[in-house]
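Reviewing the structure listed below.
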Amino acid sequence: MHRPHPTEVYENEVKDLLSRMTVGEKLGQLQQLTWTGGTGPGGGQTEEVERAARAGLLGSVLNLHGAAHTNTLQRMAVEESRLGIPLVFGLDVIHGFWTTFPIPLAQASSFDPEVAVRDAEVSAKEARSNGIRWTFAPMMDVTHEPRWGRIAESCGEDPHLNAVLAVAKTRAYQGDDLAADDRLAACAKHFVAYGGAEGGRDYNTVDVSEQRLRNLYLPPFKAAVDAGVATVMAAFNTVSGVPAHGNPHTMTGILKEEWGFGGVVVSDYTGVEELIAHGYAADGADAARLALTAGLDMEMVSTHIAGHGARLLADGLITEERLDDAVARVLALKFALGLFDDPYTDESAAVDEPTPTARAAARYTAARSMVLLKNDGGALPLDAAASGTIAVAGPFADHTDLHGTWAGPGCRRFPSVSLLDAVRAAAPAATVTHAGGGAEAVAAAARAADVTILAVGEEPGLSGEAAVRADIALPEGQAELIAAVAATGKPFVVVLLNGRPLTIGDWVDGVPAILEAWHPGIEAGHAIADVLFGAVTPGGKLPVSFPRAVGQIPVYYNRENTGRPHDPGSDEKYVSRYLDLADGPQFVFGHGLSYTTFTTGEPRLGRPVVSVGELDDGTRIDVRVTVTNTGERTGDEVVQLYVHDPVASIAQPVRRLRGFERVTLAPGESRELAFTLGADDLGFWTNDQNGRYVIEPGAIDVYAGTSSRAEPRATLTVTR
Ligand code: GLC
């Protein structure tokens, strides 16, 4: 369904305004500046922003929020400049504004798009009431790199899961009317393949084949564009030697021409300037020319397009057509946001703190995003009615900053609920002790307790942008705490609070139960306690593989089989394996346990044969899978549907996730789930630079199960 772009909807208004603008005013609309501090306009430290606003030479401001503050700056633009074109205020509202939700990697673990919706709806209401109209989210960078700190902001290693969450979040941020007072323009970022940085080192080289670009990295962006995402942000990295900020193939060829994207492409922070450091632009003017010509529309923070644009235009180095197209996209966005009708924010309606409803949503989504990695002997759930002694130990036992990276302004005002406080609330009859650190003190607390909850992991600053770790084990001293508690022989469980997969092979075997809680946000403690004491049965699944060792990276489920796969159990030498490490990850993509057990049946195809022509015409194959709760407790299971094309002109991943559904089943309950497979599931992109998607005749294996190790299978035959 073609959704008219704002440039189509507001074509006349935009054309009229463009006809009255000077070159300087046009270039001003392509400039976004950051508010660098101070208490807000008038008392701010950015006279440059105020001066540009008054002169009508500024299109957007990031990092300023607050209805009064944004209104003050807006009045300068609207009431003092010649044409009164309003500013659009942007901010990184990634997983919360006042109310911090779980990090996006945690939200992906829920395998439930509703989790992303809850976050986006609360966040949009809070941010919009504080003057923000544009969020630089959702981030949808597929990545196989747990060393990369921004994996915390992603939805992991699978393009389908990233796409489903990206669409859910985009639609929830934007709603059906961008001008509504509880919606935001969304931003698909970072375009493109940022998650492929070599060595996981941020901003590093990405050299990627066209087929992998199109089969792995692009699908979430295409889904977001089809869902009507208003803006796209360029990525810092090169894409096969050409920086994304100056890459005509990706920004114009694919995004704007192949996909018909009609919105705004904004640079990342000084991304245009960085074309010089990349060795792609000779100087600022060259960077401006290369970026604008390649399809970039608005420059964030660096000022080369605004600074050199007039001269570039006069010298014929950029075209008036491209300039007007970029300005039209920006103006159309502002019309769609309702800024020309009402550029100001109602200061009396500003949301100033998390509401109880928002907190409840944060708590619900955080618990739903947790993954039970291990639960030997039913160590979990704990008994909330127990009157014994519970030790809450480790560096995160009483931590109140569990918001994670890219938390909104709320993380500075509203601390997370600590695990210690939450356990005391969840188990009122118990004696709850606390031992923050020191192996001996923690061991002593464990010896004196009936059960110990050991909270370990990463400080939020160890993940996120420019937070890359060469070693992804638990930080210094924490494995020793686990060993000390294990040595007491007393019951204990480990709660992980981290922003990436960790290598846990040194201690995983000695721990009865491990709950992956990620960075759960403002309601962290309560959400963890809800799961530990069984108020919520865990149902999350891993959206990323956990490597056994950092030397094994990259290890991911959607891998090629290679010509010499290692057959587990065989000691054949000349195969693809490590001499000093077992095959495969510690925990696979899609892994996650529950407090009950489930079985899934064979996938049943609606028809065993379909032709390429039928698929091209939109035929979809029904696939039914029955899942049963075979345990004693009500619980959630995520049934996952994978395909594998065993013979193709491009070697296909051994598994590709093409569907999933999370269901809650009572003990003994069975449910038949319905999926469909169509052309977009059964074919793949080739290495053709112009984009060629093919569906090839032959057998396609269809797997259904509760992780990427799914075995039950059916075979679909595709005929010519
Ligand atoms: C940062 C990030 C980007 C963010 C932007 C504005 O460098 O790369 O994701 O939206 O700058 O803060």
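The values are calculated or read from the model by the stated rules, or taken from the named source; none is laboratory data. A quick note: this is a predicted structure, and the numbers were derived from the prediction, not measured. Every residue, glycine among them, receives a Cβ derived from its backbone with ideal geometry; neighbour counts consider all protein chains shown. Side chains included, ligands, DNA and RNA excluded: accessible areas come from the protein's heavy atoms. Shrake-Rupley method; radii C 1.70, N 1.55, O 1.52, S 1.80 Å.
Residues that are within 22 Å of GLU198 (Cα to Cα) and surrounded by fewer than 18 Cβ atoms within 10 Å (Cβ to Cβ) occur at least once in the range 562-575. Within the range 654-678, the set of residues being open to solvent by 30 Å² or more (accessible area, probe 1.4 Å) and in contact with a helix residue (DSSP H, G or I) (Cβ under 6 Å, 6 or more places away or on another chain) comprises just one member, ARG658. Starting from the range 586-608, keep only residues that are closer than 21 Å to ARG620 by Cβ, then list their pairs with residues that are outside any strand (DSSP E or B) and among the basic types (Lys, Arg) whose Cβ atoms are within a distance under 9 Å, requiring at least 6 positions of separation or different chains. Filtered contacts from the range 586-608: GLY606/ARG620. Note on the range 133-164: among residues that are aliphatic (A, V, I, L, M) and touching a Ser or Thr at 6+ places or on another chain (Cβ under 9 Å), the one that is nearest to PHE221 (Cα to Cα) is MET140. Considering only the range 693-720, state which residues are modelled with pLDDT of 95 or more, part of a strand (DSSP E or B) and open to solvent by 10 Å² or more (accessible area, probe 1.4 Å). Across the range 693-720, the qualifying residues are TYR693, VAL694, GLY698, ALA699, ASP701, TYR703, ALA714, THR715, THR717, THR719. Restricting attention to the range 524-561, the residues being over 15 Å from SER369 (Cβ atoms), open to solvent by less than 50 Å² (accessible area, probe 1.4 Å) and either of a type in the set (S, T, N, Q) or part of a loop (DSSP other than H, G, I, E, B) (or both) number 11.
In a residue-by-residue description of the range 59-81, the property of being within 16 Å of the ligand (Cβ to nearest atom), crowded, with 23+ Cβ neighbours inside 10 Å and in a helix (DSSP H, G or I) applies to no position. Where helices (runs of 4 or more DSSP H) fall entirely within the range 89-174, those with at least 2 residues that are open to solvent by 10 Å² or more (accessible area, probe 1.4 Å) and touching a helix residue (DSSP H, G or I) at 6+ places or on another chain (Cβ under 8 Å) are at 113-128, 159-174. Answer with yes or no whether ALA487 is assigned to a loop (DSSP other than H, G, I, E, B), among the hydrophobic types (A, V, I, L, M, F, W, C) and surrounded by fewer than 24 Cβ atoms within 10 Å (Cβ to Cβ). No, not satisfied.
Taking the listed residues LEU323, LEU312, LEU339, the one that is touching a strand residue (DSSP E or B) at 6+ places or on another chain (Cβ under 9 Å) and of a type in the set (A, V, I, L, M) is LEU339, with no other qualifying. Within the range 226-252, if we keep just the residues that are over 26 Å from ALA287 (Cβ atoms) and not acidic (Asp, Glu), the residue that is most open to solvent (accessible area, probe 1.4 Å) turns out to be GLY228.
Within the range 344-359, one or more residues are in contact (Cβ under 8 Å) with a residue 12 or more places away in the chain, in contact with a helix residue (DSSP H, G or I) (Cβ under 6 Å, 6 or more places away or on another chain) and under 30 Å from LYS15 (Cα atoms). Remark: ARG147 falls outside the filter, which requires a residue to be away from the ligand (no atom under 16 Å from the Cβ) and either of a type in the set (Asp, Glu) or over 17 Å from PHE589 (Cα atoms) (or both). Consider the range 416-429 and keep the residues that are out of contact with any Leu (no Cβ under 9 Å at 6 or more places or on another chain) and open to solvent by 20 Å² or more (accessible area, probe 1.4 Å). The one that is nearest to ILE103 (Cα to Cα) is ASP421. All but one of (1) away from the ligand (no atom under 14 Å from the Cβ); (2) among the β-branched types (Val, Ile, Thr); (3) without any contact (Cβ under 8 Å) to a residue 60 or more places away in the chain hold for VAL272; which doesn't? Checking VAL272 against (1) away from the ligand (no atom under 14 Å from the Cβ); (2) among the β-branched types (Val, Ile, Thr); (3) without any contact (Cβ under 8 Å) to a residue 60 or more places away in the chain, the one that fails is (1).
From the list GLY200, GLY195, the lone residue that is within 16 Å of the ligand (Cβ to nearest atom), on the phi > 0 side of the Ramachandran plot and open to solvent by less than 10 Å² (accessible area, probe 1.4 Å) is GLY200.
Return yes or no: is GLY279 within 16 Å of the ligand (Cβ to nearest atom) and either charged (D, E, K, R) or over 13 Å from LEU27 (Cα atoms) (or both)? Here the answer is no, as GLY279 does not meet what is asked.
Look at (1) open to solvent by 30 Å² or more (accessible area, probe 1.4 Å); (2) without any contact (Cβ under 8 Å) to a residue 60 or more places away in the chain; (3) outside any strand (DSSP E or B) and you find that ALA651 fails only one, number (2).
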